[in-house]
1. So, in the range 32-43, exactly how many residues are in contact (Cβ under 8 Å) with a residue 40 or more places away in the chain and among the acidic types (Asp, Glu)?
2. When you scan the range 93-113, do you find a residue that is in a loop (DSSP other than H, G, I, E, B), touching a residue at least 40 places away in the same chain (Cβ under 8 Å) and over 27 Å from Ala40 (Cα atoms), even just one?
3. Quick one: Gly123 ticks every box in (1) under 19 Å from Thr185 (Cβ atoms); (2) among the small types (Gly, Ala, Ser); (3) within 19 Å of the chain's Cα centre (by Cα) except a single one, so which number is it?
4. Got at least one residue in the range 31-40 being assigned to a helix (DSSP H, G or I), under 19 Å from Tyr204 (Cβ atoms) and either touching a helix residue (DSSP H, G or I) at 6+ places or on another chain (Cβ under 6 Å) or small (Gly, Ala, Ser) (or both)?
5. What number of residues within the range 10-30 are in a helix (DSSP H, G or I) and modelled with pLDDT under 95?
6. Taking the range 63-83 as the search range and keeping residues that are touching a residue at least 24 places away in the same chain (Cβ under 8 Å) and within 23 Å of the chain's Cα centre (by Cα), which one is nearest to Ile9 (Cα to Cα)?
7. Would you tally the residues in the range 184-202 being polar (S, T, N, Q), crowded, with 17+ Cβ neighbours inside 10 Å and within 11 Å of Arg142 (Cα to Cα)?
8. Does Ala7 count as touching a Ser or Thr at 6+ places or on another chain (Cβ under 8 Å) and at pLDDT 95 or above?
Amino acid sequence: MRDNKRAVIIANGEYPTSPQALEVMRSAHYTVCCDGGADAYIERGGSPDAIVGDGDSLSEENRTRFASRIHYSADQQTNDQTKAVEYLLGMGYTDIAIVAATGKREDHTLGNIALLAEYMQRGVEVEMYTDYGVFIPCRDTRTFTSHAGQAVSIFNISAKGLRSIGLEYPIYDFTALWQGTLNRTTSEQFTIEAEGDYIVFMTY
C-alpha cells in the first residue's frame, strides 16, 4: 500500500490524457518537471515543485517565472528523466511515478523505458504511466492484480527461469524484446516467476 509521499516526474514527451495518468499527477506529494515538460504542465494550470534539466527546452517566460525552482544540470551522460530521479533521491523520495515519458521521439521513449530497470536497481520503487497502461520494473517472482483479458507484455532484462501463472501464453527466458509481448491474463491476478530483472507492461 502506498502512502502519500509519492513523487511524480513529468517528462517532456506527449502530455498524458488518460484518467489514470492524470490521477497520478493530481495525487502526487511532490512534482518535478523535466525541463520543457514544465511548459505543458504550467500551461494546464500546474505549478511544479521543481524543474530539473539542462534548460534547453524550457520557455524563457517560465525560466524567469520559476527561476527559484530550477535545478540545472549540464551532465550530458544522463537524460533529464534520470536527472529528475537523482534530484528526488537527494530529496529522500524513493516512491516515484513517471508520466509524459513516451511519444514524440521513439528513441527517447525506448531509452526512458529501459532506464526503469536501472532506477529499480538503485532501490527506487518506480512506475511509468502512459495513456494506455503502466510499465513496472520487477525483480524475481512477483504477483500482480489484474482482470481477465488484460493485455500484458514482459521485457526481459537479466531474468532466468521465466515462468508464469495466470497468463494465456507460456513465457520463457526471452532473449529479444519482442518475444514477451502481446500476452493476456486469464484471471484476476497473475504471477511471473523468475530470478533477475524484467519489465512488465499492463494495459489499464
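The values are calculated or read from the model by the stated rules, or taken from the named source; none is laboratory data. Because the structure is a prediction, the values reported are computed rather than measured. Note that we place each Cβ from the backbone using ideal geometry, even for glycine, and neighbour counts take in every protein chain shown.
1. 1
2. no
3. (1)
4. Taking the range 31-40 as the starting set, the residues that turn out to be assigned to a helix (DSSP H, G or I) are 37-40.
Restricting the remaining residues to those that are under 19 Å from Tyr204 (Cβ atoms) gives none.
So far as the range 31-40 goes, no, none of its residues is assigned to a helix (DSSP H, G or I), under 19 Å from Tyr204 (Cβ atoms) and either touching a helix residue (DSSP H, G or I) at 6+ places or on another chain (Cβ under 6 Å) or small (Gly, Ala, Ser) (or both).
5. Quick first cut of the range 10-30, residues in a helix (DSSP H, G or I) only: 19-26.
Now drop any that are not modelled with pLDDT under 95, which leaves none.
Result for the range 10-30: 0.
6. The first filter runs over the range 63-83 and keeps only residues touching a residue at least 24 places away in the same chain (Cβ under 8 Å), leaving 66, 79-83.
Now drop any that are not within 23 Å of the chain's Cα centre (by Cα), which leaves 79-83.
Working: Asn79: 13, Asp80: 10, Gln81: 8, Thr82: 10, Lys83: 10 Å.
Only one residue tops the list, namely Gln81.
7. Number of matching residues: 0.
8. Values: touching a Ser or Thr at 6+ places or on another chain (Cβ under 8 Å): yes; at pLDDT 95 or above: yes.
For Ala7, the condition - touching a Ser or Thr at 6+ places or on another chain (Cβ under 8 Å) and at pLDDT 95 or above - is met.
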